[in-house]
Structure formats: structure tokens, C-alpha cells
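Contents: one structure, followed by commentary.
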Amino acid sequence: MHLKPVNPERLPELLRRMPKAELHIHIEGSLEPEMIFALAARNRVQLPYANVEALRRAYAFTDLQSFLDIYYAGASVLLEEADFYDMTRAYLRKAAADNVVHAEIFFDPQTHTARGVSMATILNGLHRACAEAPAEFGISASLILCFLRHLSEQDAFETLEQALPFRDQFIGVGLDSGEVGNPPEKFARVFARCRELGFRLVAHAGEEGPPAYVWTALDVLKVERIDHGVQASKDALLMQRLAKDRIALTVCPLSNLKLCVFPDLASHNLRELLDAGLVATVNSDDPAYFGGYMNENFTQTFAASSALGAQHAYALARNGFEASFVDASVMRRHVDRLDAMFDGFR
Ligand code: ADE
Ligand code: ZN
């Protein structure tokens, strides 16, 4: 793809207008404070915050765990199928407005089943919103079930059993929650079983945890993508491996900023990852908590670094489609549309 020069002043417009895939979004992390309070009222759930403003004031995170404590509390308002449906629909509407044309959405069933919500309630609500999204918002969406790594492998196996009657409603499994002290290899057997069952495999690794966790996510869990993975730049051999095998990293710049993985966006290593030949992508992670959906992640990251230009925008968008789990023919169509958009950008 030959790229015409783009006036830096028009870069934000290019970033907003280009078609994108989002591969790293926790649907529970799309719950805006207003919706948390609306669902709490609807379901008569008591929240430990007086109002929306008080909740928003609590969004001052120092690390991953300080965020997860509030994130799990926020998810406690989700009880009925309609709640899961409404949350997912609200996300898909916002994503489509950012020109996201395909999303692969994480969900954390253990957060809900532990409160007595059934897998059927969760998946029927999430899946219905995803199934309606192409006609309603012009965006395709699929679901990835994430195991909570602070819980046991036995708990993950039980969750998989509960989900198997709905196996046509999600395409893959992932691993999230508190990383340090919960290495990928803790889940070796459940991921091996998911692989046998034909699920796509991803895992959070190298967000706060060491490069060793990225190695074991690849070599023990045999994942196809690494979620975050930004700590990989501390290990030159790992960087070579990720580049050689074209393992995508689903990078989330505003998340990394808000969870203090980098002191500021100007220090983020996104450009370094791209320069090393890695298949890096940009994603929002938990947009309601980290101050922005896809377009904010792109525009704020590019605004913070004059080293990022139109060719990086193109590479990131293209990587998103190439790292997605859509069929090859669908991927080709998305890349063709991306090329046409860049060609026509004046
Ligand atoms: N769950 C939701 N967001 C997460 C993140 N950034 N890391 C790990 N687990 C998560
Ligand atoms: Zn995440």
C-alpha cells in the first residue's frame, strides 16, 4: 500500500475515520457510571457510592489491582439478561460511531456466576446484542470467554463446563484479572482442553507481569494473540519471537496510562513495538474506566508522540484486521476498505 503524505493537522481526522477492528475490550469495562447507577436502581442493588460523581472520583488507579477492585464492584449491578444485552448494545453503538467495524469482546462469566447469575442469562444477553449488531449498527462482533486468573484452574474448568452448552455463542477463551503471581502455566490443562475443543486462544500477559509470562502464554498455553504484552520490550529474544511468528499484541494505551504501566503517553512503547516488526494493535480495554473508546486511544496516543504518523495509523488498523479471528475473505474485504479509505483521504 503506497501512502500519500498526510498533513499532521489532519491526522486526528484520519484516525477517527479509518475503519478499525477492536480486539481487546472487556464488556464489563464498558459500563459507564450512569449505566451502573441505572442498573443498580432497576435491580435494587446497593452501591457503596452516593452518586455518579462519587463513583467517577474513585477512578484514580495506581495499578491493575486498584482498578480491578472497582471494576468487579461495578459489575455487581448486572443480574438479568436485559442488563447484559443493554450493556453490550451501548458498547456496540459507541464502537460503531468510532468506525470500529468488527469487535472481539471479552466477558468474565465468573464475576457473575459467583453471584448466582446463570451462564444462560449472561450469554443470551451478550450474544443477542452481538447478533443484532451488523443490521443495527453496521458492526460485526463475537465473544471471547475469559477465565479469571486469580481463581483456581478447577474453577476455570467448572466455568468451561457451564459454558459448553452455549459453545456456538463464543469463539474463544482468554485469561484476565490480577496478573502478577498468577502465571499462564497455572491454566495449562484448561487451555489444552479448550484447544482440543477448537476454541481460539488468547491471554493477557506482560501487562504488569514479566516477559516470562508472555513466553509461557505462547509455549504452554499456545495462545494466538497476547493481550497487552507491552513488557515484551524488556526481552530482545521475546521481541524476535513475537515478530517471527507474527503474534499480535492487543495494546491498550489509555489503560496503560491510567494503570501507571507508563508514566505518560509520550513514554509509551507502541512505536518501538511497531519498529521491531511486531503486529501491534490499538484497543480500549475498559473504556468507561480509562477515559476513552477506540478513537480516543488512537488520537491521544498519536497526539503525544510526533514519531507516530499516517503510516503507523495504517499499520495499526491493518494489524487489527489481520490479527482478528474473522474468515480470510472477510479480513480481505476489511483491508480493501481500509486501503480505499486511505487512498481517498484528501
Ligand atoms: N480485566 C479487565 N481489564 C483488565 C486488564 N486490563 N487486565 C487484566 N484483567 C482485566
Ligand atoms: Zn484487558
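All of the numbers you see were taken from the coordinates with simple rules; none came from a lab. The structure presented is a predicted model; accordingly, all values stated were derived computationally and were not measured. When we count neighbours, we look across all protein chains shown, and the Cβ atoms used for this are built from the backbone with ideal geometry, even at glycine.
Would you point out which residue out of Ala307, Ala288, Ala313, Ala303 is within 16 Å of ligand 1 (Cβ to nearest atom) and farther than 30 Å from Gly198 by Cα?
Ala288
When the residues of the stretch 73-117 are narrowed to those that are within 16 Å of ligand 2 (Cβ to nearest atom) and of a type in the set (Asp, Glu), which ends up nearest to Asp176 (Cα to Cα)?
The extreme case among them is Asp108.
Can you find even one residue in the stretch 144-163 that is over 27 Å from Phe191 (Cα atoms) and not basic (Lys, Arg)?
No, every residue in the stretch 144-163 fails to be over 27 Å from Phe191 (Cα atoms) and not basic (Lys, Arg).
Across the stretch 46-98, which residue is surrounded by the fewest Cβ atoms within 10 Å (Cβ to Cβ) among those that are assigned to a loop (DSSP other than H, G, I, E, B) and within 15 Å of ligand 1 (Cβ to nearest atom)?
Thr62
On the basis of being crowded, with 17+ Cβ neighbours inside 10 Å and not β-branched (Val, Ile, Thr), does Leu257 make the cut?
In short, yes.
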